[in-house]
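These notes concern the structure reproduced below.
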Amino acid sequence: MEKLYKLKPEVLKYINTECRSEGTLEYWKGTIYKECALEEVKQPLVLSKQINIEIHPEEKEMTWDDAVQHCKSLGKGWRLPTIQELWHIYEDENLRKEFSPEHYWSSTEYGTNDAWNFTFAVGAANLNFNKEYIYYARAVRDL
């Protein structure tokens, strides 16, 4: 994964939006004018322009309830992705490489005891999985 930089707040207000080729005004891949304007993000985040989310780099195996709580514990806005967001991530070849070929929990529930999950090995949304099963979880948040 290439390094991801965040523009320093004192520089951000002087950056013309036409200067960037990817990401948002806050994030920049590569260099801009002088490196002193940038600070490397300590924990690289994957950006998805297609669905306008960022994806936390950490993944863990846990039950659905634990996954929901874990995502919330990461801070403001972090949550489990919807089944549709997991599908969009899979369709993006660069993002797909960041995921294990395993089952991942989604926030999309199916009744009170089950939830949808997504299998990255074959690109399939899976219905009706008991929330007590252990699957991977990866947090996302809106940009």
Legend entry - For region 54-143: accessible area per residue (Å², 1.4 Å): 52 Å²
Legend entry - ³J(HN,Hα), Karplus 6.51/-1.76/1.60, whole Hz, each residue of region 105-119, x for Gly, Pro: 5, 10, 7, 6, 8, 10, x, 8, 10, 10, 8, 6, 9, 10, 9
Inset, instruction - Run the accessible area of region 42-143 with a 1.4 Å probe and give the carbon-and-sulfur part as a rounded percent. - result: 46 percent
Legend entry - Cα pair distances of region 71-119 binned at 10 Å [whole percent]: 25, 48, 26, 1
Legend entry - Area of LEU95 that stays accessible when all protein chains are in place (1.4 Å probe, Å², to 10): 10 Å²
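Expected output is a single nm value to one decimal: the length gained when fully extending between TYR133 and LYS97, i.e. 0.36 nm times separation in residues minus the C-alpha distance. What is it?
Working: separation 36, 0.36 × 36 = 12.96 nm, distance 2.43 nm.
That works out to 10.5 nm of additional length.
What Kirkwood hydrodynamic radius, in Å, does region 100-143 give when the mean of 1/r is taken over all pairs of distinct Cα atoms and then inverted? Provide the component values of the computation, followed by the final result.
Values: mean 1/r = 0.0924 Å⁻¹.
After inverting the pairwise mean of 1/r, the radius is 10.8 Å.
Using a 1.4 angstrom probe on the protein heavy atoms only, line up PHE129, PHE118 by accessible area, largest first. Before the final figure, lay out the partial values.
Values: PHE129 45, PHE118 0 Å².
Ranked list, largest accessible area first: PHE129, PHE118.
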Legend entry - Calculated from backbone phi, Karplus (6.51, -1.76, 1.60) coupling profile of region 65-80 in Hz, x at Gly/Pro: 4, 5, 5, 4, 5, 4, 4, 4, 5, 6, x, 4, x, 6, 7, 6
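The values are calculated or read from the model by the stated rules, or taken from the named source; none is laboratory data. Please read all numbers here as calculations on a predicted model, not as lab measurements. Surface accessibility is based on the protein's heavy atoms, side chains included, excluding ligands, DNA and RNA. Shrake-Rupley method; radii C 1.70, N 1.55, O 1.52, S 1.80 Å.
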